[in-house]
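Undergrad: Submitted below is the structure of interest, expressed as structure tokens.
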Amino acid sequence: MLKEFAKQVLQISPKIPLFILDRLIKESQPTDKRAKVVFSALTKAGPLANGKVSAFEFLPTFCDTLRRNGFATEWASNVAELDASLSDEVPVFLVHLFGEDHSDIFSAKVLDLEKKAIATFNTAEAGQLLADKLASHKAFVDAGIPVPTLRETGGFVRSRFGTALPTEIQEGTDALPAEDERRIFTDFIDTRIEYDGRLFYTTVRIVCIDDTILHSYPRARDAKEENPSVHAKDTPLEPALVEYLNDVLVVPNAEAFEGIARNLHHVLGHGFFAHDLVIDNVSGEIFVCEGGFKFDDPSYWRHMKRISSDLPSQAVLFPIQSFAKHSSETFCRRCLSILEETQVKAASAAGLGSN
């Protein structure tokens, strides 16, 4: 109910959801802050970036944990506020809250302001790349990241931008030509797995901060629906199925997932990501289908919550506040590592300057 109310008041002012979030944070600002984290909410969705974060469940605990670890937190709802927030006596980390398709953040001013932060997570540039599945596909290929091969016609056909167009498997004379720039055409990777006499299309999602995987989990869709596009809501609420898929898809591939996460981080920079992977059901090869910004996965944990007590493999997600704490602690360690790297570089530069 709080979320729906916030969506309504967002139309009046983006500051109202931020006011609500501030009231949900229990910890005071640290008196002896080691750094500051600025959350920008510059797009029309404000802090309620659809599908990217469970704002009122996740962010308060995330910020509480930051403050307990000596990181001050601030919100910026416009460019002027962001400019002011980035000026501080301590290092400032910038975290953008936005969906990749929110193009209103892609401005020269925002790109310039990002340079004032010691590090920016979910950069505007990475958002622009991820918004275009064809552009990101080519960038991943250049980085040696395994992706399904592009085709000239047919195959696995999906929307190039967002999810406006249906996902289809097209072969033969009815296949669309790849000149249709609204779509991306790749080889179809057969991910179907049999369980209890039924076939399911499958994917694995890895949720990461930079290259650190916070959680990996399977999703599935009954093949009887004849749609290989798998989303959280498609996953049957069958604990035994989810645990089985976790055992055959996630557990044996954990090391490979870590390598993929590292390579994607090299392409995308700092960020909170969800990368969707498909695994060939014959060869076992792993391919990156697509990636995007995501702090948590609202559609997944809300869908699975009703059976969470029977999902030991998904325990890290429940309650979501526990996952937010885990995520924030990981983010703190990453920020401290960046601070240390910066100090080492500064000391090295100073030493070279004195010689």
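Undergrad: Could I have the simple spin-label model distance between Asn78 and Leu237, label points 7 Å from Cα toward Cβ, reported in nm to one decimal?
TA: 4.4
Undergrad: Tell me which residues come under 5 Å, amide H to amide H, from Arg151 once H is placed; ignore anything under 5 positions away on its chain.
TA: Excluding prolines and chain starts, which carry no amide H, the hits are Phe185, Thr186, Asp187.
Undergrad: Sort Leu94, Leu134 by accessible area with a 1.4 Å probe, largest first.
TA: From most exposed to least exposed: Leu134, Leu94.
Undergrad: Can you list, largest first and rounded to whole Å, the semi-axes you get for the range 1-150 by taking the square root of 5 times each eigenvalue of its Cα gyration tensor?
TA: 28, 20, 15
Undergrad: Here's another thing I want to ask about it. What does the charge add up to near Lys224, with Lys and Arg as +1, Asp and Glu as -1, over the other residues with Cβ less than 12 Å from its Cβ? Walk me through the intermediate numbers first.
TA: Values: positive: Arg192, Arg198, Arg221; negative: Asp222, Glu225, Glu226, Asp234.
Counting the neighbours of Lys224, the net charge comes to -1.
Undergrad: Per 10 Å bin, what is the whole-percent P(r) computed from every C-alpha pair distance within the chain?
TA: The calculated distribution, bin by bin, is 5, 23, 32, 24, 12, 3, 0, 0.
Undergrad: Would you please name the GluC sites (Glu not before Pro) within the range 262-355 that are DSSP coil residues with at most 10 other C-beta atoms within 10 Å of their C-beta?
TA: The qualifying sites: there are none.
Undergrad: Which net charge results for the neighbourhood of Glu238, defined as the other residues with beta-carbon distances under 11 angstrom from its beta-carbon, given Lys and Arg at +1 and Asp and Glu at -1?
TA: Here the count lands on -3.
Undergrad: If you stretched the chain out fully between Arg68 and Val141, how much longer would it get, using 0.36 nm times the residue separation minus the C-alpha to C-alpha distance?
TA: On the way: separation 73, 0.36 × 73 = 26.28 nm, distance 4.09 nm.
Full extension from Arg68 to Val141 adds 22.2 nm.
Undergrad: Which residue, Val282, Val79, Val157, has the most motion in a Gaussian network model of the chain that connects Cα atoms within less than 10 Å?
TA: Judging by the Gaussian network model, the answer is Val282.
Undergrad: Restricting to the chain, what percent of DSSP beta bridges are antiparallel, rounded to 5?
TA: Rounded to the nearest five, the antiparallel share is 70 percent.
Undergrad: Moving to a separate point now. Top mean-square fluctuation among Gly284, Gly155, Gly269, Gaussian network model of the chain, C-alpha springs under 10 Å?
TA: Largest GNM mean-square fluctuation: Gly284.
Undergrad: If we sort 316-322, 99-105 on the protection proxy, mean other Cβ atoms within 10 Å, highest first, what's the order?
TA: 99-105, 316-322
Undergrad: Relative contact order for the chain: what is it in percent, counting Cα pairs under 8 Å that are at least 6 residues apart? Each step should come with its number before you reach the end.
TA: On the way: 631 pairs, mean separation 58.5, N = 355.
For the chain, the relative contact order is 16 percent.
Undergrad: P(r) for the range 102-226, please, calculated from all Cα pair distances in 5 Å bins and given in %.
TA: In order of increasing distance, the bins hold 2, 9, 13, 16, 19, 16, 11, 7, 4, 2, 1, 0 percent.
Undergrad: Please give me, ordered by residue number, the GluC sites (Glu not before Pro) of the range 120-175 that lie in loop per DSSP and have at most 16 other Cβ atoms within 10 Å.
TA: Glu152, Glu171
Undergrad: Taking each pair of different alpha-carbon atoms in the range 194-254 once, compute 1/r for the pair, average those values, and report the inverse of that mean as the Kirkwood hydrodynamic radius in Å to one decimal. List each step's numbers first, then the result.
TA: On the way: mean 1/r = 0.0822 Å⁻¹.
Evaluated over the range 194-254, this radius sits at 12.2 Å.
Undergrad: In a shell of Cβ-Cβ distance under 14 Å around Arg158, excluding Arg158 itself, what net charge do Lys and Arg (+1) and Asp and Glu (-1) give?
TA: It works out to a net charge of -2.
Undergrad: Then there's this: Just to be sure I understand: with springs between alpha-carbon atoms less than 10 Å apart, which residue in Ala324, Ala84, Ala139 has the highest mean-square fluctuation in the Gaussian network model of the chain?
TA: Ala84
Undergrad: What Kirkwood radius, in Å to one decimal, follows from the Cα pairs of the range 155-303?
TA: Details: mean 1/r = 0.0619 Å⁻¹.
Answer for the range 155-303: a Kirkwood hydrodynamic radius of 16.2 Å.
Undergrad: Further, regarding this structure: Excluding same-chain residues fewer than 8 positions from Lys36, which lysines have a Cα within less than 25 Å of its Cα?
TA: Lys15, Lys26, Lys44, Lys52, Lys109, Lys115, Lys116, Lys294, Lys325, Lys345
Undergrad: Are there any helices in the chain, counted as whole DSSP H runs, that stretch 18 Å or more along their axis by Cα and score at least -0.5 on average by Kyte-Doolittle, and if so which?
TA: Within the chain the helices that satisfy the rule are 55-68, 254-268, 320-354.
Undergrad: For a bin width of 5 Å, list the pair-distance distribution of the range 223-307 built from all Cα-Cα distances, rounded to whole %.
TA: So the P(r) values, bin by bin, are 3, 11, 19, 24, 24, 14, 5, 1.
Undergrad: What's the FRET efficiency of Ser283 with Lys305 using the Cβ-Cβ distance as r and R₀ = 30 Å, to the nearest 0.05?
TA: My answer for the efficiency is 0.30.
Undergrad: Size of the range 24-94 along its principal axes in angstrom, Cα-based, largest extent first?
TA: 34, 27, 15
Undergrad: Per the helix-only calculation at 222 nm, which mean residue ellipticity applies to the chain, given -39500 (n - 2.57) for every DSSP H run of n ≥ 4 and division by its residues, nearest 500 deg cm²/dmol?
TA: -11000 deg cm²/dmol
The values are calculated or read from the model by the stated rules, or taken from the named source; none is laboratory data. Note that this is a predicted model, so its numbers are computed, not measured. All Cβ positions, even for glycine, are placed from backbone atoms using ideal geometry, and neighbour counts span all protein chains on display. Heavy atoms of the whole protein, side chains included, go into the accessibility calculation; ligands, DNA and RNA do not. Shrake-Rupley method; radii C 1.70, N 1.55, O 1.52, S 1.80 Å.
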